[in-house]
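Q: I have a structure here, written as structure tokens, and I will follow up with some questions on it.
The values are calculated or read from the model by the stated rules, or taken from the named source; none is laboratory data. The structure displayed is predicted, hence computed values, not measured ones. Neighbour counts run over all protein chains shown; Cβ positions are idealised from the backbone, glycine included.
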Amino acid sequence: MASKTVLDELKRTQILELLEQGKRIDGRALDEPREIVIEVNAIPKANGSAKVRLGDTEVLCGVKIQPDKPFPDVGDKGIFMCTAELLPLSHPTVETGPPQAPVIELARVVDRGIRESHMVDVSQLVIEKDKSVVGVFADIVVIDYDGNLFDACSYAATAALLTSKSPKWTMVDDKVTIVDGEESKLPTTTIPVSVTMGKIGNHIVVDPNGDEWDSMDARVTITTDSDGNICALQKGGSDGFTLDEMVQCGETSIRVGKQIREKLKAAQEGVQ
């Protein structure tokens with residue numbers, strides 16, 4: 001463990017020296033995300049799916065759509081839920097067993113960004129009010145980890161939802177029955193995009209890779225909708241951000257998010 005700590009400090013020193021020169025360890029600009037590759041319909045039997053590569057981070061999301069009971073206090077709305085899992089093959093430090101706190105946070109951040117943007121119009125996912133609704137479940141699996149799972153998982157879930165097809169159900173004799181041969185696109189209203197920024201020393205970088213992630217003092221993930229409104233924010237790490245830094249991060253999330261949103265639109269249009 002001691003040698004690992006020394007190596008980490010050496011790596012952080014190298015990253016900081018480069019940042020002082022306005023450079024990053026992988027050659028990107030400070031506000032430049034890694035290359036994004038989106039493959040939709042990656043799981044043929046799912047209602048919707050997408051595989052996303054963000055640099056060397058790779059994740060897979062499958063969407064399952066099925067009848068469900070509504071929550072007691074919102075019988076006029078369907079259900080949306082997101083989960084996440086890291087496979088042991090994704091990184092040497094990942095072990096099997098119950099989800100650890102970082103994985104729980106990952107699922108919640110992705111879920112909140114999509115939910116608070118109102119991307120999925122759950123008011124249209126009602127079979128019969130107070131009796132039966134449609135449940136939309138996005139399950140994310142991390143295949144390869146090299147930093148910034150928040151954004152990779154968010155893009156995969158969003159792309160999978162944008163290209164999902166939902167069967168049609170109806171109530172017959174108080175039972176939910178599928179209408180054969182009828183399906184439709186999932187009702188969506190916007191395209192949320194999260195942008196995660198890491199603070200290393202006094203420098204802020206977009207989409208930290210694995211080495212930068214290990215060297216961060218603080219991080220913030222900001223999700224915007226198609227109108228450029230900030231709809232979710234999550235801060236982490238041991239250090240903080242000044243007011244000016246947070247304003248900078250907000251502006252960056254809107255600008256960079258707009259670029260990434262075009263890639264998600266292209267993936268959606270490619271299956272229409």
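Q: Could you tell me which numbered condition Asp146 fails, if it satisfies all but one of (1) assigned to a strand (DSSP E or B); (2) touching a helix residue (DSSP H, G or I) at 6+ places or on another chain (Cβ under 7 Å); (3) not aromatic (Phe, Trp, Tyr)?
A: Here Asp146 meets the rest and fails (1).
Q: Also, quick follow-up: Somewhere in the range 182-190, is a residue free of Cβ contacts under 8 Å to residues at least 60 places away in the same chain, charged (D, E, K, R), in a strand (DSSP E or B) and within 18 Å of Ile15 (Cα to Cα)? So that I can check it myself, show each step before the final result.
A: First, the residues of the range 182-190 that are free of Cβ contacts under 8 Å to residues at least 60 places away in the same chain: 182-185.
Subset that is charged (D, E, K, R): 182-183, 185.
Filter once more, so that each one left must be in a strand (DSSP E or B): 182-183, 185.
Next, only the ones that are within 18 Å of Ile15 (Cα to Cα) stay: none.
For the range 182-190, residues free of Cβ contacts under 8 Å to residues at least 60 places away in the same chain, charged (D, E, K, R), in a strand (DSSP E or B) and within 18 Å of Ile15 (Cα to Cα): absent.
Q: Which one is surrounded by the fewest Cβ atoms within 10 Å (Cβ to Cβ), of the residues in the range 20-54 that are more than 20 Å from Cys249 (Cβ to Cβ) and small (Gly, Ala, Ser)?
A: The extreme case among them is Gly27.
Q: Hey, can you tell me all the residues within the range 207-249 that are part of a helix (DSSP H, G or I), buried (at least 16 other Cβ atoms within 10 Å of the Cβ) and polar (S, T, N, Q)?
A: Listed by number, the list holds a single entry, Ser215.
Q: Which residue pairs have Cβ atoms under 6 Å apart, sit 6 or more places apart or on different chains, and have a first residue in the range 67-83 that is at pLDDT 95 or above and of a type in the set (A, V, I, L, M) and a second that is surrounded by 12 or more Cβ atoms within 10 Å (Cβ to Cβ) and part of a strand (DSSP E or B)?
A: Filtered contacts from the range 67-83: Ile79/Asp68; Ile79/Gly135; Met81/Phe137.
Q: Select from the range 131-143 the residues that are within 13 Å of Asp111 (Cα to Cα) and touching a helix residue (DSSP H, G or I) at 6+ places or on another chain (Cβ under 8 Å) and list them in ascending order. First the steps, then the outcome.
A: The initial filter retains those residues of the range 131-143 that are within 13 Å of Asp111 (Cα to Cα), namely 136-140.
Selection gives Val136, Ala138, Ile140.
Q: Looking at (1) at negative phi; (2) surrounded by fewer than 17 Cβ atoms within 10 Å (Cβ to Cβ), find the lone condition where Asp173 falls short.
A: (1)
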